[in-house]
Amino acid sequence: MQQSPSPLVVVNHLYKQYESDAGVVTPVLKDVNLTIHEGEFVAIMGPSGSGKSTFMNVLGCLDVQTDGDYILSGQDVRRLNNEQAAELRNRVLGFVFQGFNLLPRRTAVHNVAMPLICAGKEKVEWEPRAIELLKKVGLSERLHSMPNELSGGQQQRVAIARAMANYPHVVLADEPTGNLDSTTSNDIMNLFRELNEKEGITIIVVTHEPDIAAYAKRLIKFRDGVLVYDGTVNDAGINA
Ligand SMILES: Nc1ncnc2c1ncn2[C@@H]1O[C@H](COP(=O)(O)OP(=O)(O)OP(=O)(O)O)[C@@H](O)[C@H]1O
Ligand SMILES: [Mg+2]
């Protein structure tokens with residue numbers, strides 16, 4: 001019998017509100033329910049301010065929900081202390097941001113290796129892994145380039161390689177193509193598709209662009225912090 005994929009992300013009745021120092025409460029996420037399995041490719045869409053980044057921050061264990069449950073890879077995130085949450089984050093998640101977030105004075109190899117260096121790995125381990133990943137993202141000629149010597153698309157490839165350094169189960173990408181032209185955006189999305197299809201890595205990507213969302217298989221839409229659509233990209237009528 002074929003084993004069904006295990007749930008990687010389980011979100012039950014999740015709420016998130018922000019409270020300012022003056023006590024002003026801003027409710028953002030409202031009763032979000034969602035399960036994402038190993039190997040899925042999910043796009044998250046919704047108007048500006050609808051709570052997409054807030055949701056990604058909770059998924060990334062960078063912020064904690066106000067109410068409800070978030071189970072990541074079988075662990076109830078709210079019950080973890082900071083150290084345990086950091087350990088889970090490093091073991092399970094990779095992050096890609098809109099602004100690439102590379103260290104400006106470090107080479108591509110060094111940037112990719114950073115999560116491994118921070119985890120205390122030796123150069124004999126991190127260097128070959130970083131080089132292997134940079135080759136995989138098509139940057140074998142730019143191993144020792146600094147970020148400012150690379151194009152936006154190349155910098156985002158370095159960031160994707162960095163997200164992969166620790167063999168993550170899931171890569172969270174918040175508007176990864178937001179700063180790129182459309183040709184480069186398609187290259188980046190093809191790279192995500194390859195990581196998903198060939199390596200089974202779960203990808204969750206936030207985007208405003210329907211043609212970027214079309215690379216995913218499943219689409220989730222937020223409006224005013226409420227999950228208003230959860231289905232296949234095809235059923236949503238999105239085409240690349
Ligand atoms: N730290 C914070 N404190 C107070 N309110 C916040 C905070 N972060 C976000 N918000 C509010 O929460 C709501 C959702 O913000 P969020 O960044 O999640 O939206 P988004 O869907 O990612 O939007 P965009 O498409 O513009 O990136 C917004 O109204 C925002 O002003
Ligand atoms: Mg956002």
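Residues in segment 217-235 that are closer than 17 Å to K16 by Cβ and among the aromatic types (F, W, Y): F222 alone. Quick check on segment 40-91: of everything there that is β-branched (V, I, T) and free of Cβ contacts under 8 Å to residues at least 24 places away in the same chain, which residue is nearest to L8 (Cα to Cα)? Residue satisfying both the conditions and the ranking: V77. Just one of the numbered conditions (1) hydroxyl-bearing (S, T, Y); (2) within 16 Å of the chain's Cα centre (by Cα); (3) surrounded by fewer than 16 Cβ atoms within 10 Å (Cβ to Cβ) is not true of Y229: (2). Scanning segment 8-31 for residues that are within 12 Å of ligand 1 (Cβ to nearest atom), open to solvent by less than 60 Å² (accessible area, probe 1.4 Å) and part of a strand (DSSP E or B) returns K16, V28, L29.
Please pick out the residue among V109, V124, V170 that is surrounded by 18 or more Cβ atoms within 10 Å (Cβ to Cβ), aliphatic (A, V, I, L, M) and farther than 19 Å from I204 by Cβ. Going through V109, V124, V170 in turn, the sole match is V109.
Listed here are the strands (runs of 3 or more DSSP E) enclosed by segment 158-240 that have at least 1 residues being β-branched (V, I, T) and touching a Pro at 6+ places or on another chain (Cβ under 7 Å): 202-206. Every condition in (1) under 30 Å from G74 (Cα atoms); (2) open to solvent by 20 Å² or more (accessible area, probe 1.4 Å); (3) of a type in the set (G, A, S) holds for A130 except the one numbered (2).
Of all residues in segment 201-216, those satisfying the criterion of being away from ligand 2 (no atom under 16 Å from the Cβ) and either closer than 30 Å to P27 by Cβ or touching an Asp or Glu at 6+ places or on another chain (Cβ under 7 Å) (or both) are T202, I203, P210, A216.
Residues in segment 75-122 that are in a loop (DSSP other than H, G, I, E, B), closer than 16 Å to Y167 by Cα and basic (K, R): K121 alone. Looking at this structure, is E175 touching a residue at least 24 places away in the same chain (Cβ under 8 Å), within 16 Å of ligand 2 (Cβ to nearest atom) and under 15 Å from the mean Cα position of the chain (by Cα)? Considered against the rule, which asks whether it is touching a residue at least 24 places away in the same chain (Cβ under 8 Å), within 16 Å of ligand 2 (Cβ to nearest atom) and under 15 Å from the mean Cα position of the chain (by Cα), E175 comes out as yes. The condition (being within 16 Å of ligand 2 (Cβ to nearest atom) and surrounded by 13 or more Cβ atoms within 10 Å (Cβ to Cβ)) is satisfied by just one residue among G94, G51: G51. Residues satisfying the criterion are present in segment 54-74 (criterion: surrounded by 18 or more Cβ atoms within 10 Å (Cβ to Cβ), polar (S, T, N, Q), assigned to a helix (DSSP H, G or I) and on the phi < 0 side of the Ramachandran plot). Screening segment 76-91 for residues that are closer than 19 Å to K16 by Cα and open to solvent by less than 70 Å² (accessible area, probe 1.4 Å) and picking the one that is farthest from ligand 1 (Cβ to nearest atom) gives D76.
The values are calculated or read from the model by the stated rules, or taken from the named source; none is laboratory data. Every value quoted in this text rests on a predicted model; they were computed, and no experiment measured them. Don't worry about glycine lacking a Cβ; one is built from the backbone with ideal geometry, like all the others, and counts go over all protein chains shown. Heavy atoms of the whole protein, side chains included, go into the accessibility calculation; ligands, DNA and RNA do not. Shrake-Rupley method; radii C 1.70, N 1.55, O 1.52, S 1.80 Å.
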